[in-house]
Amino acid sequence: MSDTAGSQGVAEGQAPQKPAYRRVLLKVSGEALMGAAEYGISTEVVGRIAADIAAVVAMGVEVCLVIGGGNIFRGVSGAAAGMERASADYMGMLATVMNALAMQNALEKRGVQTRVQSAIPMASICEPYIRRRAMRHMEKGRVVIFAAGTGNPFFTTDTAAALRAVEMGCDALLKGTQVDGVYSADPRKVPDAMRYERLSYLDVLARDLAVMDASAISLARENGLPIVVFSIHAPGAFAEVMAGRGRFTVVADD
């Protein structure tokens, strides 16, 4: 994707653009699935995100997902409340499986074949994580949702997303957030926060910008994996990014 891709549109009547990436991993936070509720899963929100994913699959893009579990249980919060961190993290991993099954259901209602693979084996409800099988699913046009993080405590779903994106040979990691890119501060609290069009991995780490955790950023940097940050709440934004349009921030080395 060029540096100017975010600001260029397509003239009316032109043929659709070739997707900017062939294979991508979409990372969605668990909180994004709550909608206006304080916790849990909003079927309306899940359905809208599923429709956006279906539109991208229809463009010929191979898609895989990692969904957080913070709408149901967050390991760090459990640890802060006095629970042992490892046990709390395992509970958080189970929450991601619930979210993955909800998204699978919404996608298949829209005619998108979907497989859930869990890093913690749960043979009755989903496949175990097998890298080559996951790649084969995507080659056949299926969406693969990676659940249960890395299968290990003390690692976030951000790190799991970067790891799976590298393992799958993805061209980019798409981070669907609450806002349309990376800002110098939370624009919902700081109205004059500056929005970035492009950042290097070191910029993100040095400025302590809330893109993903440091482990995920470092893993992406080591493997030359671009991170594209956009708003998951803007309908159609995922497809716009894939077409090289819309508002987003790219994190990559120049």
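We did not get these values from a lab; they are worked out from the coordinates using the rules stated. Being a predicted model, the structure only gives us computed values, none of them experimental. Backbone-built Cβ (ideal geometry, glycine too); neighbour counts: all protein chains shown.
Things to note:
- Yes/no for Ala134 being closer than 18 Å to Arg74 by Cα, buried (at least 17 other Cβ atoms within 10 Å of the Cβ) and touching a strand residue (DSSP E or B) at 6+ places or on another chain (Cβ under 7 Å): no
- Each residue in segment 102-121 was checked for being surrounded by fewer than 17 Cβ atoms within 10 Å (Cβ to Cβ) and of a type outside the set (Lys, Arg), and 5 pass.
- Subset tally (residues that are in a helix (DSSP H, G or I) and of a type in the set (Gly, Ala, Ser)) for segment 34-55: 5
- Residue list for segment 234-249, filter: surrounded by fewer than 23 Cβ atoms within 10 Å (Cβ to Cβ), outside any helix (DSSP H, G or I), in contact with a strand residue (DSSP E or B) (Cβ under 8 Å, 6 or more places away or on another chain) and not basic (Lys, Arg): Gly246
- Conditions (1) of a type outside the set (Lys, Arg); (2) buried (at least 19 other Cβ atoms within 10 Å of the Cβ); (3) closer than 18 Å to Ser184 by Cβ; (4) in contact with a helix residue (DSSP H, G or I) (Cβ under 8 Å, 6 or more places away or on another chain); number of the one not met by Leu205: (2)
- Those residues of segment 219-233 which are surrounded by 16 or more Cβ atoms within 10 Å (Cβ to Cβ), more than 14 Å from the chain's Cα centre (by Cα) and free of Cβ contacts under 8 Å to residues at least 60 places away in the same chain, in sequence order: Arg221
- Unmet requirement for Val190, which otherwise passes all of (1) part of a helix (DSSP H, G or I); (2) exposed (fewer than 14 other Cβ atoms within 10 Å of the Cβ); (3) β-branched (Val, Ile, Thr): (1)
- Note on segment 140-182: residues that are in contact with an Asp or Glu (Cβ under 9 Å, 6 or more places away or on another chain) and among the aromatic types (Phe, Trp, Tyr) amount to 2.
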